[in-house]
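Contents: one structure, followed by commentary.
The values are calculated or read from the model by the stated rules, or taken from the named source; none is laboratory data. A quick note: this is a predicted structure, and the numbers were derived from the prediction, not measured. Positions of Cβ are generated from backbone atoms using ideal geometry, with glycine treated the same way; all protein chains shown enter the neighbour counts.
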């Protein structure tokens, strides 16, 4: 299969036009669109040490690389977060939550999910399935949760999303990248924040992206590298 055929398939399934303004999606460099491709490797983050100049291989990344890879590399970022069936819906499925609508109606980022379970049950499910979870403004264990906001990746570093959660009567906002500022804001607003960490909240979407590419009947590999640990 030629590189251009794979890209045409991806652009039809996950249109680049859905991406947020100034988001880097698409090719990182100039590549031969007529190159024969036998396999696809999907990365969350591509580092120079990962770019081994593979032959007949396409690399698909979720986060835009900070260098120009030798191997043909194509990025699918916020358009995958936004589209129905993409990263946010994959996260909802991993959390066993029913999607009821979009969290940010203007951009399509995130989802509102409905549930009817006590906080203790939801908390146990999350702690059993995700590592390095942080919770700010934890709720009473017996509180029945009705509305949950989820955003794969970066949602908890944005105070505007916490304010939007309040406006949408969300009990809990689940995402990654919680900051001191957003934690204090959530406490003031009476909203619980659950930080799965950026990487872990996007991993379900990485595997869902692999399922899309497997429709081409091509060999697809998911490179699930653990996030870089910052030394303290």
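What to note about this one:
- With respect to the stated conditions, residue 73 is modelled with pLDDT of 95 or more, farther than 17 Å from residue 215 by Cα, in the same structural domain as residue 219 (by TED's automatic domain parsing) and in contact with a strand residue (DSSP E or B) (Cβ under 7 Å, 6 or more places away or on another chain).
- Scan of the range 133-184 for residues that are free of Cβ contacts under 8 Å to residues at least 24 places away in the same chain and assigned to a helix (DSSP H, G or I), ordered by number: 160, 167, 180, 181, 184
- Flag if residue 114 is surrounded by fewer than 16 Cβ atoms within 10 Å (Cβ to Cβ), under 17 Å from the mean Cα position of the chain (by Cα) and in the same structural domain as residue 159 (by TED's automatic domain parsing): no
- Some residue of the range 144-155 being closer than 23 Å to residue 77 by Cβ, at pLDDT 95 or above, out of contact with any helix residue (DSSP H, G or I) (no Cβ under 9 Å at 6 or more places or on another chain) and surrounded by 15 or more Cβ atoms within 10 Å (Cβ to Cβ): no
- A single member of 14, 42, 6, 37 is buried (at least 18 other Cβ atoms within 10 Å of the Cβ) and farther than 13 Å from residue 59 by Cα, and it is 14.
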